[in-house]
Amino acid sequence: MPRSIIATALLLGAPALAQPFQLIVTVTPPGSNTNPANWQATRRIAVNGPGGTTSNLANLPTTEVFDPAGVAFRAADDLFIGNRHGNSLGLGSISRFTLSPDGTTATYVQNITATGMIGVHELAYDPQRDDMYAACVSNGIFRFHFDAAGQPSLVQSFALGRPFRGIVVHPNGQFLYATAASNRIFVFQITGPNTVSEQASLTIPGASNLHFFCIAPDARHVYVADISASRVFRFRLAENGTLTLDQTVVASAAVDLAFSPDYTEMFVGNHFSGGINRFRSSDQSSWTASGFISTPSMGGFGTYTAPGCIADFNFDGFIDFFDFDDFIACFEGDGCPPGRDPDFDGDGFVDGFDFALFVERFEEGC
């Protein structure tokens, strides 16, 4: 960029770009797929901000996911995929990946298994206890705990012999909700590190084949998709675990959903004919259809939020000389804005490579 343009940006300030994010979506054909040759990769779709254009990133290949269905994050860089293994093969597992800081590279880490964990569908992470739950197609719910080194171990399985599809943890960490391809939501109270107590289930008017859940970005609501009713139901969350239905959105063969980080865009996957329907809303009071992303048959969704614009070093929404001054001070060890680390490339050193990366992003506007 010419120095005259840089100078103008320094004086006037250039608006920071809308926050990009990534959809991680499993390709999950309906029914049991017993032939491993038909199992699909997990897709990753980059979205250039709410309402923005999309582009495809490298898939998680079939050598690393095994008839994938569910998606969950333990941290921004710690990704888990629940694997059905064809449902009827008597197998189930969870693939684990590490994402690079910019989210573009996914590195396979391990495959997690447990005796009796058959046909893993949705996964749910509980940050309150550092636990993860797996809903199984025909044999209950499995609960794993992560130790201080981040390694999972099975601590509990319950509701064995029963079919489940979706699962989610209340943001307060005290309740667990599950679906079973019916019109009911099953409720469990989490009573200890390896105990739960089943509560009365909830029958949903108009529902028939409930599948996967999504907690809203505001943590005040939970959404659940229904593939046969072609609806997404929204429930208001109470601290005592009560769910109150307060919104219904029409979406064809809805199996799972995800939101943009600012909660103004909703993405809903079609389980039968494929594709992702996009909806927009400024205040979530209602959702308006706003686009379509072509894909094969959809399964579980997850959202990875890309790092914020590093050139907006002081988080004020503009790229200007204040950011440059703050970066230089931080780089030289004179103090950094809260939440900013000048080690942009994550190699453990603050050096010329980080300086060059900041200048490159600064000149490009992000």
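Pull out all pairs, ordered by first then second residue, where Cβ-Cβ is under 8 Å, the residues are six or more apart or on different chains, the first lies in the range 50-61 and is β-branched (V, I, T), and the second is outside any strand (DSSP E or B).
Listed by first residue and then by second, the contacts come to T54/N48.
Go through the residues of the range 100-107 one by one and say whether even a single one is over 23 Å from V224 (Cα atoms), touching a residue at least 24 places away in the same chain (Cβ under 8 Å), surrounded by 15 or more Cβ atoms within 10 Å (Cβ to Cβ) and touching a strand residue (DSSP E or B) at 6+ places or on another chain (Cβ under 6 Å).
Yes, there is a match, as at least one residue in the range 100-107 is over 23 Å from V224 (Cα atoms), touching a residue at least 24 places away in the same chain (Cβ under 8 Å), surrounded by 15 or more Cβ atoms within 10 Å (Cβ to Cβ) and touching a strand residue (DSSP E or B) at 6+ places or on another chain (Cβ under 6 Å).
When the residues of the range 335-366 are narrowed to those that are of a type in the set (D, E, K, R) and part of a loop (DSSP other than H, G, I, E, B), which ends up modelled with the lowest pLDDT?
D345
Just checking, does the range 140-163 include any residue being of a type in the set (F, W, Y), at pLDDT 95 or above and over 19 Å from G300 (Cβ atoms)? It would help to see each step written out before you state the result.
Looking only at the range 140-163, we keep the residues that are of a type in the set (F, W, Y), and these are 142, 144, 146, 158.
With at pLDDT 95 or above added as a condition, the list becomes 142, 144, 146, 158.
From what's left, over 19 Å from G300 (Cβ atoms): 146, 158.
Yes, the range 140-163 has at least one match.
Answer yes or no: is there a residue in the range 213-231 that is within 23 Å of D126 (Cα to Cα), loosely packed, with under 14 Cβ neighbours inside 10 Å, β-branched (V, I, T) and modelled with pLDDT of 95 or more.
Looking through the range 213-231, none of the residues is within 23 Å of D126 (Cα to Cα), loosely packed, with under 14 Cβ neighbours inside 10 Å, β-branched (V, I, T) and modelled with pLDDT of 95 or more.
Residues that are within 26 Å of N35 (Cα to Cα), in the same structural domain as F188 (by TED's automatic domain parsing) and surrounded by 14 or more Cβ atoms within 10 Å (Cβ to Cβ): does the range 150-159 have at least one? Can you show your working first?
At the first step, the residues of the range 150-159 found to be within 26 Å of N35 (Cα to Cα) are none.
Among the residues of the range 150-159, not one is within 26 Å of N35 (Cα to Cα), in the same structural domain as F188 (by TED's automatic domain parsing) and surrounded by 14 or more Cβ atoms within 10 Å (Cβ to Cβ), which makes the answer no.
I'm checking my understanding of the structure. Among residues of the range 244-257 that are surrounded by 21 or more Cβ atoms within 10 Å (Cβ to Cβ) and in a strand (DSSP E or B), which one is farthest from the chain's Cα centre (by Cα)?
If we take residues in the range 244-257 being surrounded by 21 or more Cβ atoms within 10 Å (Cβ to Cβ) and in a strand (DSSP E or B), then V249 is farthest from the chain's Cα centre (by Cα).
Condition first: outside any strand (DSSP E or B) and not polar (S, T, N, Q). Now tell me which residues in the range 118-153 satisfy that.
Within the range 118-153, I118, G119, P127, R129, D130, V137, G140, D147, A148, A149, G150 qualify.
Would you say G365 is touching a residue at least 24 places away in the same chain (Cβ under 8 Å), in contact with a Cys (Cβ under 9 Å, 6 or more places away or on another chain), surrounded by fewer than 17 Cβ atoms within 10 Å (Cβ to Cβ) and closer than 30 Å to P217 by Cα?
The answer is yes for G365.
Go through (1) within 22 Å of R231 (Cβ to Cβ); (2) assigned to a loop (DSSP other than H, G, I, E, B); (3) among the hydrophobic types (A, V, I, L, M, F, W, C) and name the single condition F301 misses.
(2)
Taking the residues in the range 176-190 that are out of contact with any Phe, Trp or Tyr (no Cβ under 7 Å at 6 or more places or on another chain) and farther than 19 Å from G70 by Cβ as candidates, determine which candidate is surrounded by the most Cβ atoms within 10 Å (Cβ to Cβ).
This residue is N183.
The values are calculated or read from the model by the stated rules, or taken from the named source; none is laboratory data. Every value quoted in this text rests on a predicted model; they were computed, and no experiment measured them. Cβ coordinates were reconstructed from backbone atoms using ideal geometry, including for glycine residues, and neighbour counts include every protein chain displayed.
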